[in-house]
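The block underneath contains the structure these notes are about, expressed in C-alpha coordinates.
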Amino acid sequence: MRIQKSITMGNFYQKSIFTAAAVVAANVFVLAQSFTINKVRYDVVSAADKTVKVGVSATATGEITIPETVQNNGTDYRVIAIGENAFYNNEKITGVELPSSVKKIDANAFMNASELSSITLNESLESIATGAFYSCSSLKRVDIPASVSTIGDNAFTDSWFIAAFKVNEASQHFKSVEGVLYSKDGSVLVKYPAGKQGDSFSVPNTVKTMGTAAMEGSRLYYINLPNSLETISEAAFVNCLRLMEIKIPNGVKSIGVNAFLSCISLQVIEISESVETIGQQAFLNCPKLGIIYVAENNPKFTSEGGVLFDKAKKVLINFPVMIGTDYKMPATVEEIGRYSMSNALALNVLRLPASLKKISRYALFGSKNLKTIYCAATIPPALEVAALDQMPRANIVLKVPVGAGDAYRAAAIWKEFKIEEDAAMATSENAKTSVKIYPPQTSGSLFIEQQNPAELTIYNMSGQLIKSYKLSAGKNTVDISREAAGIYLLKIGGETYKVLKR
(Lines give C-alpha, C1' and ligand atoms only; values in the text may rest on other atoms or scores of the structure.)
Protein backbone atom coordinates (compact mmCIF):
# COMPACT_ATOMS: atom_id res chain seq x y z
CA MET A 1 0.00 0.00 0.00
CA ARG A 2 1.33 3.40 -0.96
CA ILE A 3 -0.16 6.76 -0.08
CA GLN A 4 0.76 9.66 -2.35
CA LYS A 5 1.85 13.03 -1.06
CA SER A 6 1.99 15.98 -3.39
CA ILE A 7 -0.19 18.89 -2.28
CA THR A 8 -0.20 20.53 1.14
CA MET A 9 -3.39 20.80 3.15
CA GLY A 10 -2.77 24.52 3.55
CA ASN A 11 -3.36 24.89 -0.16
CA PHE A 12 -6.40 22.65 -0.02
CA TYR A 13 -8.11 24.54 2.76
CA GLN A 14 -7.45 27.92 1.27
CA LYS A 15 -8.63 26.44 -2.04
CA SER A 16 -6.36 28.91 -3.76
CA ILE A 17 -4.41 26.43 -5.84
CA PHE A 18 -7.44 25.08 -7.66
CA THR A 19 -9.05 27.79 -9.73
CA ALA A 20 -10.76 28.06 -13.07
CA ALA A 21 -7.55 29.66 -14.30
CA ALA A 22 -5.65 26.49 -13.45
CA VAL A 23 -8.01 24.43 -15.55
CA VAL A 24 -7.73 26.86 -18.46
CA ALA A 25 -3.95 26.71 -18.17
CA ALA A 26 -4.10 22.92 -18.27
CA ASN A 27 -6.02 23.08 -21.53
CA VAL A 28 -3.25 25.06 -23.18
CA PHE A 29 -1.07 21.96 -22.98
CA VAL A 30 -3.56 19.46 -24.42
CA LEU A 31 -1.83 16.70 -26.33
CA ALA A 32 -1.59 17.09 -30.05
CA GLN A 33 -4.81 15.20 -30.68
CA SER A 34 -8.12 15.17 -28.85
CA PHE A 35 -11.70 14.50 -29.78
CA THR A 36 -15.12 14.59 -28.15
CA ILE A 37 -17.81 11.93 -28.02
CA ASN A 38 -21.12 12.54 -26.20
CA LYS A 39 -19.68 15.65 -24.51
CA VAL A 40 -16.73 13.70 -23.07
CA ARG A 41 -13.33 14.70 -24.38
CA TYR A 42 -10.59 12.16 -24.98
CA ASP A 43 -6.91 13.11 -25.23
CA VAL A 44 -4.53 10.81 -27.06
CA VAL A 45 -1.86 9.45 -24.73
CA SER A 46 -0.01 7.35 -27.29
CA ALA A 47 -0.82 7.21 -30.99
CA ALA A 48 1.42 4.16 -31.35
CA ASP A 49 -0.29 2.27 -28.53
CA LYS A 50 -3.68 3.70 -29.46
CA THR A 51 -4.48 4.84 -25.92
CA VAL A 52 -6.42 7.84 -24.62
CA LYS A 53 -7.45 9.39 -21.33
CA VAL A 54 -10.57 11.33 -20.50
CA GLY A 55 -9.76 15.02 -20.81
CA VAL A 56 -11.44 18.12 -19.39
CA SER A 57 -15.16 17.60 -20.01
CA ALA A 58 -16.87 20.63 -18.57
CA THR A 59 -20.13 20.19 -20.53
CA ALA A 60 -20.73 16.50 -19.75
CA THR A 61 -24.07 15.86 -18.02
CA GLY A 62 -26.08 13.17 -16.23
CA GLU A 63 -25.11 9.51 -15.97
CA ILE A 64 -21.93 8.76 -17.88
CA THR A 65 -20.56 5.37 -18.88
CA ILE A 66 -17.00 5.56 -20.10
CA PRO A 67 -16.45 2.85 -22.74
CA GLU A 68 -13.40 0.63 -22.82
CA THR A 69 -12.65 1.75 -26.37
CA VAL A 70 -13.59 4.79 -28.41
CA GLN A 71 -13.23 5.40 -32.12
CA ASN A 72 -11.99 8.50 -33.93
CA ASN A 73 -11.32 8.77 -37.69
CA GLY A 74 -11.53 5.03 -38.07
CA THR A 75 -9.04 4.27 -35.26
CA ASP A 76 -10.02 2.46 -32.07
CA TYR A 77 -8.41 3.82 -28.90
CA ARG A 78 -8.28 2.13 -25.49
CA VAL A 79 -9.29 4.36 -22.54
CA ILE A 80 -6.64 3.96 -19.81
CA ALA A 81 -7.13 6.92 -17.47
CA ILE A 82 -9.37 9.70 -16.20
CA GLY A 83 -7.16 12.72 -16.70
CA GLU A 84 -6.29 15.53 -14.33
CA ASN A 85 -9.20 17.96 -13.79
CA ALA A 86 -11.35 15.89 -16.18
CA PHE A 87 -14.63 16.72 -14.44
CA TYR A 88 -13.33 19.51 -12.22
CA ASN A 89 -16.15 21.84 -11.15
CA ASN A 90 -18.66 19.96 -13.27
CA GLU A 91 -21.98 20.37 -11.45
CA LYS A 92 -24.05 18.43 -13.99
CA ILE A 93 -22.73 14.88 -13.93
CA THR A 94 -24.65 12.63 -11.53
CA GLY A 95 -22.97 9.24 -12.00
CA VAL A 96 -19.91 7.74 -13.66
CA GLU A 97 -19.12 4.12 -14.52
CA LEU A 98 -15.53 3.31 -15.45
CA PRO A 99 -14.42 0.42 -17.66
CA SER A 100 -11.89 -2.22 -16.66
CA SER A 101 -9.37 -0.63 -19.03
CA VAL A 102 -8.93 2.44 -16.79
CA LYS A 103 -5.82 2.06 -14.65
CA LYS A 104 -5.74 5.43 -12.89
CA ILE A 105 -7.77 8.42 -11.85
CA ASP A 106 -5.55 11.49 -11.99
CA ALA A 107 -5.34 14.46 -9.62
CA ASN A 108 -8.55 16.43 -9.02
CA ALA A 109 -10.36 14.43 -11.68
CA PHE A 110 -13.79 14.82 -10.04
CA MET A 111 -13.02 17.75 -7.74
CA ASN A 112 -16.09 19.86 -6.92
CA ALA A 113 -18.38 17.59 -8.97
CA SER A 114 -21.12 18.51 -6.54
CA GLU A 115 -23.95 16.42 -8.08
CA LEU A 116 -21.95 13.23 -8.50
CA SER A 117 -23.82 10.71 -6.36
CA SER A 118 -22.41 7.41 -7.65
CA ILE A 119 -19.10 6.20 -8.99
CA THR A 120 -18.38 2.66 -10.22
CA LEU A 121 -14.71 1.75 -9.98
CA ASN A 122 -14.03 -1.49 -11.81
CA GLU A 123 -11.32 -4.04 -11.16
CA SER A 124 -7.96 -3.20 -12.77
CA LEU A 125 -8.02 0.37 -11.42
CA GLU A 126 -4.63 0.84 -9.74
CA SER A 127 -4.45 4.41 -8.42
CA ILE A 128 -6.69 7.19 -7.16
CA ALA A 129 -4.64 10.39 -7.15
CA THR A 130 -4.50 13.42 -4.88
CA GLY A 131 -7.80 15.27 -4.62
CA ALA A 132 -9.53 12.92 -7.08
CA PHE A 133 -12.92 13.16 -5.34
CA TYR A 134 -12.31 16.30 -3.32
CA SER A 135 -15.57 18.08 -2.39
CA CYS A 136 -17.96 15.67 -4.08
CA SER A 137 -20.79 16.71 -1.82
CA SER A 138 -23.41 14.25 -3.15
CA LEU A 139 -21.25 11.13 -2.96
CA LYS A 140 -22.43 8.78 -0.20
CA ARG A 141 -20.50 5.55 -0.66
CA VAL A 142 -17.29 4.44 -2.35
CA ASP A 143 -16.46 0.84 -3.27
CA ILE A 144 -12.73 0.33 -3.77
CA PRO A 145 -11.58 -2.57 -5.99
CA ALA A 146 -8.90 -5.03 -4.87
CA SER A 147 -6.63 -3.77 -7.65
CA VAL A 148 -6.21 -0.27 -6.13
CA SER A 149 -2.74 0.05 -4.60
CA THR A 150 -2.44 3.82 -4.25
CA ILE A 151 -4.79 6.43 -2.80
CA GLY A 152 -3.51 10.00 -2.84
CA ASP A 153 -3.77 12.54 -0.06
CA ASN A 154 -7.14 14.28 0.13
CA ALA A 155 -8.67 11.91 -2.40
CA PHE A 156 -12.00 12.09 -0.52
CA THR A 157 -11.50 15.25 1.53
CA ASP A 158 -14.46 17.61 1.92
CA SER A 159 -16.87 14.94 0.65
CA TRP A 160 -18.85 15.19 3.85
CA PHE A 161 -21.71 12.84 2.99
CA ILE A 162 -19.71 9.70 2.28
CA ALA A 163 -21.06 7.35 4.94
CA ALA A 164 -18.94 4.29 4.19
CA PHE A 165 -16.00 2.93 2.26
CA LYS A 166 -16.13 -0.70 1.16
CA VAL A 167 -12.95 -2.44 0.06
CA ASN A 168 -12.90 -5.70 -1.86
CA GLU A 169 -11.73 -8.36 0.60
CA ALA A 170 -9.15 -9.60 -1.91
CA SER A 171 -7.25 -6.30 -1.68
CA GLN A 172 -3.63 -6.59 -0.57
CA HIS A 173 -3.35 -2.86 0.09
CA PHE A 174 -6.45 -1.59 1.90
CA LYS A 175 -9.31 -2.80 4.05
CA SER A 176 -12.51 -1.35 5.48
CA VAL A 177 -13.91 -2.00 8.94
CA GLU A 178 -17.41 -0.69 9.68
CA GLY A 179 -17.05 1.69 6.76
CA VAL A 180 -13.70 3.14 7.84
CA LEU A 181 -10.78 2.93 5.38
CA TYR A 182 -7.43 1.53 6.62
CA SER A 183 -4.20 0.21 5.17
CA LYS A 184 -4.31 -3.58 4.85
CA ASP A 185 -2.27 -4.15 8.02
CA GLY A 186 -4.35 -1.63 9.96
CA SER A 187 -1.36 0.58 10.79
CA VAL A 188 -2.73 3.61 8.91
CA LEU A 189 -6.20 5.06 9.30
CA VAL A 190 -6.61 6.44 5.78
CA LYS A 191 -10.09 7.97 5.96
CA TYR A 192 -13.00 7.99 8.37
CA PRO A 193 -16.11 8.70 6.28
CA ALA A 194 -17.35 12.16 7.25
CA GLY A 195 -20.97 11.16 6.78
CA LYS A 196 -20.81 8.19 9.15
CA GLN A 197 -23.26 8.53 12.03
CA GLY A 198 -22.18 8.35 15.67
CA ASP A 199 -21.01 10.49 18.58
CA SER A 200 -17.78 8.73 19.50
CA PHE A 201 -15.10 6.55 17.93
CA SER A 202 -12.19 4.59 19.34
CA VAL A 203 -9.31 4.28 16.91
CA PRO A 204 -8.13 0.62 16.84
CA ASN A 205 -4.93 -0.17 18.71
CA THR A 206 -3.28 -1.37 15.49
CA VAL A 207 -3.13 2.18 14.14
CA LYS A 208 0.27 3.89 14.18
CA THR A 209 -0.52 6.75 11.81
CA MET A 210 -3.55 8.99 11.40
CA GLY A 211 -3.28 9.78 7.69
CA THR A 212 -3.57 13.16 6.04
CA ALA A 213 -7.12 14.46 6.63
CA ALA A 214 -7.99 11.06 8.10
CA MET A 215 -10.79 12.31 10.37
CA GLU A 216 -11.54 15.48 8.39
CA GLY A 217 -15.15 16.62 8.65
CA SER A 218 -16.26 13.86 11.00
CA ARG A 219 -19.38 14.45 13.12
CA LEU A 220 -17.90 12.95 16.28
CA TYR A 221 -17.90 14.57 19.70
CA TYR A 222 -15.25 12.29 21.15
CA ILE A 223 -12.35 10.46 19.51
CA ASN A 224 -10.23 8.09 21.60
CA LEU A 225 -6.69 7.61 20.33
CA PRO A 226 -4.74 4.41 21.07
CA ASN A 227 -1.35 4.07 22.76
CA SER A 228 -0.07 2.48 19.54
CA LEU A 229 -0.34 5.82 17.75
CA GLU A 230 2.95 7.47 16.68
CA THR A 231 2.05 10.06 14.04
CA ILE A 232 -0.81 12.51 13.56
CA SER A 233 -0.45 13.64 9.96
CA GLU A 234 -1.20 16.94 8.30
CA ALA A 235 -4.79 18.12 8.79
CA ALA A 236 -5.74 14.78 10.34
CA PHE A 237 -8.63 16.28 12.34
CA VAL A 238 -9.34 19.40 10.29
CA ASN A 239 -12.97 20.58 10.40
CA CYS A 240 -14.05 18.10 13.07
CA LEU A 241 -16.74 20.58 13.97
CA ARG A 242 -18.17 18.75 16.99
CA LEU A 243 -14.96 17.46 18.58
CA MET A 244 -14.86 18.77 22.17
CA GLU A 245 -11.59 17.48 23.57
CA ILE A 246 -8.60 15.43 22.53
CA LYS A 247 -5.99 13.55 24.50
CA ILE A 248 -2.75 12.86 22.64
CA PRO A 249 -1.53 9.50 23.98
CA ASN A 250 1.99 8.73 25.08
CA GLY A 251 3.78 7.33 22.04
CA VAL A 252 2.81 10.07 19.60
CA LYS A 253 5.94 11.83 18.37
CA SER A 254 4.60 14.30 15.83
CA ILE A 255 1.49 16.41 15.29
CA GLY A 256 1.27 17.67 11.72
CA VAL A 257 0.58 21.06 10.15
CA ASN A 258 -3.09 22.08 10.47
CA ALA A 259 -3.75 18.90 12.47
CA PHE A 260 -6.73 20.35 14.38
CA LEU A 261 -7.44 23.34 12.14
CA SER A 262 -10.98 24.71 12.48
CA CYS A 263 -12.15 22.33 15.20
CA ILE A 264 -14.62 24.96 16.29
CA SER A 265 -15.98 23.09 19.35
CA LEU A 266 -12.61 21.95 20.72
CA GLN A 267 -12.12 23.10 24.32
CA VAL A 268 -9.35 20.96 25.80
CA ILE A 269 -6.11 19.53 24.38
CA GLU A 270 -3.81 17.25 26.38
CA ILE A 271 -0.32 16.67 24.99
CA SER A 272 1.66 13.69 26.25
CA GLU A 273 5.34 13.58 27.19
CA SER A 274 6.32 11.79 23.95
CA VAL A 275 5.39 14.59 21.51
CA GLU A 276 8.51 16.00 19.84
CA THR A 277 7.16 18.14 17.00
CA ILE A 278 4.02 20.24 16.50
CA GLY A 279 3.38 21.62 13.01
CA GLN A 280 2.49 25.18 12.13
CA GLN A 281 -1.13 26.19 12.79
CA ALA A 282 -1.88 22.83 14.40
CA PHE A 283 -4.59 24.40 16.59
CA LEU A 284 -5.54 27.41 14.48
CA ASN A 285 -9.13 28.65 14.36
CA CYS A 286 -10.38 26.77 17.41
CA PRO A 287 -12.58 29.55 18.85
CA LYS A 288 -13.67 27.63 21.98
CA LEU A 289 -10.24 26.36 22.96
CA GLY A 290 -9.72 27.14 26.64
CA ILE A 291 -6.71 25.11 27.77
CA ILE A 292 -3.72 23.20 26.42
CA TYR A 293 -2.13 20.90 28.96
CA VAL A 294 1.36 19.42 28.42
CA ALA A 295 2.70 16.53 30.49
CA GLU A 296 5.39 17.76 32.87
CA ASN A 297 7.97 15.27 31.57
CA ASN A 298 7.71 16.39 27.95
CA PRO A 299 11.27 17.50 26.97
CA LYS A 300 10.19 19.71 24.03
CA PHE A 301 7.08 21.57 25.16
CA THR A 302 5.41 22.96 28.25
CA SER A 303 2.26 24.81 29.20
CA GLU A 304 1.62 27.57 31.67
CA GLY A 305 -1.85 28.81 32.46
CA GLY A 306 -3.19 26.70 29.59
CA VAL A 307 -0.87 28.33 27.02
CA LEU A 308 1.52 26.25 24.90
CA PHE A 309 5.25 27.08 24.83
CA ASP A 310 8.52 25.46 23.87
CA LYS A 311 10.21 23.85 26.87
CA ALA A 312 12.35 26.90 27.67
CA LYS A 313 9.31 29.17 27.36
CA LYS A 314 11.11 31.35 24.85
CA VAL A 315 8.49 30.86 22.13
CA LEU A 316 4.75 31.15 22.64
CA ILE A 317 3.33 28.51 20.29
CA ASN A 318 -0.42 28.64 20.88
CA PHE A 319 -2.66 30.87 22.96
CA PRO A 320 -6.12 29.35 23.48
CA VAL A 321 -8.46 32.14 22.49
CA MET A 322 -10.77 31.56 25.48
CA ILE A 323 -7.95 31.93 28.01
CA GLY A 324 -9.24 35.27 29.35
CA THR A 325 -9.45 39.02 28.86
CA ASP A 326 -6.13 39.97 30.51
CA TYR A 327 -2.97 38.03 29.79
CA LYS A 328 0.55 38.51 31.13
CA MET A 329 3.19 36.67 29.14
CA PRO A 330 6.01 34.90 31.03
CA ALA A 331 9.19 36.95 31.47
CA THR A 332 11.21 34.41 29.46
CA VAL A 333 9.36 34.79 26.15
CA GLU A 334 11.43 36.08 23.22
CA GLU A 335 9.08 35.26 20.34
CA ILE A 336 5.34 35.11 19.75
CA GLY A 337 4.99 32.33 17.17
CA ARG A 338 3.18 32.37 13.86
CA TYR A 339 -0.61 32.56 14.15
CA SER A 340 -0.22 31.79 17.87
CA MET A 341 -2.57 34.52 19.16
CA SER A 342 -4.55 35.28 16.02
CA ASN A 343 -8.24 36.10 16.46
CA ALA A 344 -7.99 36.18 20.26
CA LEU A 345 -11.26 38.08 20.40
CA ALA A 346 -11.73 37.81 24.17
CA LEU A 347 -8.42 39.53 24.85
CA ASN A 348 -8.62 43.16 26.06
CA VAL A 349 -5.27 43.60 27.84
CA LEU A 350 -1.95 42.07 26.80
CA ARG A 351 1.22 42.36 28.87
CA LEU A 352 4.44 41.70 26.96
CA PRO A 353 7.78 41.08 28.74
CA ALA A 354 11.06 42.96 28.42
CA SER A 355 12.57 39.84 26.89
CA LEU A 356 10.34 39.95 23.78
CA LYS A 357 12.31 40.31 20.53
CA LYS A 358 10.00 39.19 17.73
CA ILE A 359 6.30 38.93 16.89
CA SER A 360 5.99 36.47 14.03
CA ARG A 361 3.72 36.62 11.02
CA TYR A 362 0.00 36.72 11.77
CA ALA A 363 0.78 36.24 15.48
CA LEU A 364 -1.89 38.67 16.72
CA PHE A 365 -3.80 39.01 13.47
CA GLY A 366 -7.45 39.86 14.03
CA SER A 367 -7.26 40.27 17.83
CA LYS A 368 -9.43 43.31 17.33
CA ASN A 369 -10.79 43.74 20.86
CA LEU A 370 -7.47 44.66 22.41
CA LYS A 371 -7.70 47.94 24.34
CA THR A 372 -4.28 48.12 26.01
CA ILE A 373 -0.88 46.58 25.35
CA TYR A 374 1.87 46.84 27.96
CA CYS A 375 5.23 46.21 26.31
CA ALA A 376 8.18 46.20 28.73
CA ALA A 377 10.77 45.87 25.93
CA THR A 378 12.80 49.07 25.54
CA ILE A 379 13.58 48.15 21.92
CA PRO A 380 10.45 47.65 19.79
CA PRO A 381 10.11 43.93 18.98
CA ALA A 382 10.60 43.06 15.30
CA LEU A 383 7.35 42.50 13.42
CA GLU A 384 6.89 39.97 10.64
CA VAL A 385 4.22 40.16 7.93
CA ALA A 386 0.72 40.95 9.24
CA ALA A 387 1.81 40.37 12.87
CA LEU A 388 -0.47 43.15 14.14
CA ASP A 389 -2.91 43.44 11.23
CA GLN A 390 -6.70 43.53 11.40
CA MET A 391 -6.81 45.31 14.74
CA PRO A 392 -7.71 48.97 15.44
CA ARG A 393 -4.13 50.10 16.15
CA ALA A 394 -5.03 53.78 16.31
CA ASN A 395 -7.43 53.06 19.19
CA ILE A 396 -5.17 50.73 21.21
CA VAL A 397 -3.10 52.23 24.03
CA LEU A 398 0.50 51.02 23.95
CA LYS A 399 2.28 51.54 27.27
CA VAL A 400 6.07 51.38 27.10
CA PRO A 401 8.91 52.07 29.58
CA VAL A 402 9.94 55.66 30.26
CA GLY A 403 12.50 56.70 27.64
CA ALA A 404 11.35 54.14 25.07
CA GLY A 405 8.56 56.21 23.56
CA ASP A 406 10.65 57.75 20.80
CA ALA A 407 11.87 54.34 19.61
CA TYR A 408 8.30 53.09 19.26
CA ARG A 409 7.15 56.30 17.57
CA ALA A 410 9.88 55.81 14.98
CA ALA A 411 9.16 52.12 14.37
CA ALA A 412 6.94 50.99 11.50
CA ILE A 413 3.50 49.71 12.62
CA TRP A 414 4.27 50.40 16.31
CA LYS A 415 4.02 54.12 15.64
CA GLU A 416 0.34 53.70 14.73
CA PHE A 417 -0.67 52.88 18.33
CA LYS A 418 -1.50 55.40 21.07
CA ILE A 419 1.93 55.37 22.69
CA GLU A 420 2.27 56.32 26.35
CA GLU A 421 5.37 56.11 28.51
CA ASP A 422 4.55 54.53 31.85
CA ALA A 423 6.80 54.73 34.91
CA ALA A 424 5.05 51.66 36.33
CA MET A 425 6.64 49.58 33.57
CA ALA A 426 9.90 49.66 35.51
CA THR A 427 8.18 48.31 38.64
CA SER A 428 5.85 45.47 39.43
CA GLU A 429 2.78 47.72 39.30
CA ASN A 430 1.66 46.41 35.94
CA ALA A 431 2.22 42.77 36.90
CA LYS A 432 -0.56 40.41 37.81
CA THR A 433 -0.86 39.14 41.35
CA SER A 434 1.55 36.30 42.14
CA VAL A 435 -0.63 33.23 42.63
CA LYS A 436 0.40 29.60 42.24
CA ILE A 437 -2.34 27.07 41.36
CA TYR A 438 -1.60 23.40 40.85
CA PRO A 439 -2.09 20.86 39.39
CA PRO A 440 -3.49 22.38 36.15
CA GLN A 441 -5.86 19.41 35.85
CA THR A 442 -7.34 17.30 38.61
CA SER A 443 -10.20 15.00 39.51
CA GLY A 444 -10.00 15.94 43.19
CA SER A 445 -8.32 18.90 44.91
CA LEU A 446 -6.54 22.07 43.84
CA PHE A 447 -3.71 23.68 45.78
CA ILE A 448 -3.53 27.46 45.79
CA GLU A 449 -0.66 29.50 47.18
CA GLN A 450 -0.61 33.29 47.52
CA GLN A 451 1.08 35.84 49.78
CA ASN A 452 -2.01 37.50 51.21
CA PRO A 453 -5.53 36.46 52.25
CA ALA A 454 -7.91 36.63 49.30
CA GLU A 455 -11.34 35.63 48.07
CA LEU A 456 -11.64 32.84 45.49
CA THR A 457 -14.65 32.54 43.20
CA ILE A 458 -15.08 29.62 40.80
CA TYR A 459 -17.13 29.90 37.61
CA ASN A 460 -17.91 27.48 34.79
CA MET A 461 -17.29 28.46 31.17
CA SER A 462 -20.84 29.81 30.90
CA GLY A 463 -20.06 32.38 33.62
CA GLN A 464 -22.19 30.68 36.29
CA LEU A 465 -20.87 31.03 39.85
CA ILE A 466 -20.08 27.57 41.25
CA LYS A 467 -18.42 28.25 44.60
CA SER A 468 -16.64 30.93 46.62
CA TYR A 469 -13.96 30.56 49.31
CA LYS A 470 -11.94 32.65 51.72
CA LEU A 471 -8.25 31.89 51.15
CA SER A 472 -5.68 32.40 53.86
CA ALA A 473 -2.11 33.54 53.21
CA GLY A 474 0.06 30.62 52.14
CA LYS A 475 -1.15 27.22 50.92
CA ASN A 476 -4.85 26.38 50.58
CA THR A 477 -6.64 23.20 49.49
CA VAL A 478 -9.83 23.46 47.43
CA ASP A 479 -11.90 20.33 46.77
CA ILE A 480 -13.64 20.26 43.37
CA SER A 481 -14.15 16.49 43.20
CA ARG A 482 -17.93 16.81 43.07
CA GLU A 483 -17.99 19.26 40.18
CA ALA A 484 -18.72 18.16 36.61
CA ALA A 485 -15.78 17.58 34.26
CA GLY A 486 -14.75 20.62 32.24
CA ILE A 487 -12.84 23.91 32.35
CA TYR A 488 -13.33 26.23 35.31
CA LEU A 489 -12.40 29.87 35.83
CA LEU A 490 -10.81 30.80 39.14
CA LYS A 491 -10.89 34.48 40.07
CA ILE A 492 -8.48 35.66 42.75
CA GLY A 493 -7.61 39.26 43.48
CA GLY A 494 -9.07 40.56 40.25
CA GLU A 495 -7.17 38.02 38.11
CA THR A 496 -8.53 34.96 36.28
CA TYR A 497 -6.95 31.52 36.03
CA LYS A 498 -8.07 28.26 34.42
CA VAL A 499 -8.05 24.66 35.58
CA LEU A 500 -9.32 21.46 34.03
CA LYS A 501 -11.54 19.18 36.10
CA ARG A 502 -11.29 15.58 34.88
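Quick look at the values:
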| item | result |
| --- | --- |
| Flag for Met391 being surrounded by 14 or more Cβ atoms within 10 Å (Cβ to Cβ), part of a helix (DSSP H, G or I) and in the same structural domain as Leu345 (by the TED database) | no |
| Top-ranked residue of the range 446-462 - restricted to ones that are more than 15 Å from Glu483 (Cβ to Cβ) and of a type in the set (A, V, I, L, M), ranked as surrounded by the most Cβ atoms within 10 Å (Cβ to Cβ) | Ile448 |
| Residue satisfying all of: in the range 340-352; in a loop (DSSP other than H, G, I, E, B) and in contact with a Lys or Arg (Cβ under 8 Å, 6 or more places away or on another chain); nearest to Met461 (Cα to Cα) among these | Leu345 |
| Close pairs (8 angstrom Cβ cut-off, 6 or more residues apart or separate chains): free of Cβ contacts under 8 Å to residues at least 40 places away in the same chain and under 16 Å from Ser127 (Cα atoms) in the range 170-182, part of a strand (DSSP E or B) and of a type in the set (Gly, Ala, Ser) anywhere | Lys175/Ser183; Tyr182/Ser176 |
| Selection count where residues are touching a strand residue (DSSP E or B) at 6+ places or on another chain (Cβ under 6 Å) and either buried (at least 19 other Cβ atoms within 10 Å of the Cβ) or under 13 Å from Lys399 (Cβ atoms) (or both), scope the range 350-359 | 4 |
| Single unsatisfied condition, Ala376 versus (1) within 38 Å of the chain's Cα centre (by Cα); (2) at pLDDT below 90 | (2) |
| Condition met for Ser135 (more than 22 Å from Val52 (Cβ to Cβ), buried (at least 18 other Cβ atoms within 10 Å of the Cβ) and not β-branched (Val, Ile, Thr)) | yes |
| Residues (touching an Asp or Glu at 6+ places or on another chain (Cβ under 7 Å) and not hydrophobic (A, V, I, L, M, F, W, C)) located in the range 223-256 | Asn239, Lys247, Asn250, Gly251, Lys253, Ser254, Gly256 |
| Ser159 vs. criteria touching a residue at least 60 places away in the same chain (Cβ under 8 Å), hydroxyl-bearing (Ser, Thr, Tyr) and touching a Ser or Thr at 6+ places or on another chain (Cβ under 9 Å) | no |
| Failed item, numbered, when Val190 is tested on (1) within 21 Å of Ala235 (Cβ to Cβ); (2) surrounded by fewer than 21 Cβ atoms within 10 Å (Cβ to Cβ); (3) touching a residue at least 60 places away in the same chain (Cβ under 8 Å) | (2) |
| Strands (runs of 3 or more DSSP E) lying entirely in the range 205-275 (those with 3 or more residues that are closer than 22 Å to Gly305 by Cα and out of contact with any Cys (no Cβ under 6 Å at 6 or more places or on another chain)) | 245-247, 268-271 |
| Checklist (1) under 24 Å from Asn258 (Cβ atoms); (2) free of Cβ contacts under 8 Å to residues at least 24 places away in the same chain applied to Ala312, failing item | (1) |
| Strands (runs of 3 or more DSSP E) contained entirely in the range 454-502, each with at least 1 residues that are free of Cβ contacts under 8 Å to residues at least 40 places away in the same chain and out of contact with any Phe, Trp or Tyr (no Cβ under 6 Å at 6 or more places or on another chain) | 454-460, 465-471, 474-479, 486-492 |
| Considering residues of the range 234-262 that are in contact with a Lys or Arg (Cβ under 9 Å, 6 or more places away or on another chain) and crowded, with 23+ Cβ neighbours inside 10 Å only, the residue farthest from Asn343 (Cα to Cα) | Glu234 |
| Residue match in the range 229-248 (condition: over 15 Å from the mean Cα position of the chain (by Cα) and closer than 26 Å to Ser147 by Cβ) | no |
| Strands (runs of 3 or more DSSP E) fully within the range 104-201 counting 3 or more residues that are within 21 Å of Ala58 (Cα to Cα) | 118-120 |
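The values are calculated or read from the model by the stated rules, or taken from the named source; none is laboratory data. From a predicted model like this one, the values you see are computed outputs, not experimental measurements. Using ideal geometry, Cβ is built from the backbone for each residue, glycine included, and neighbour counts are taken over all protein chains shown.
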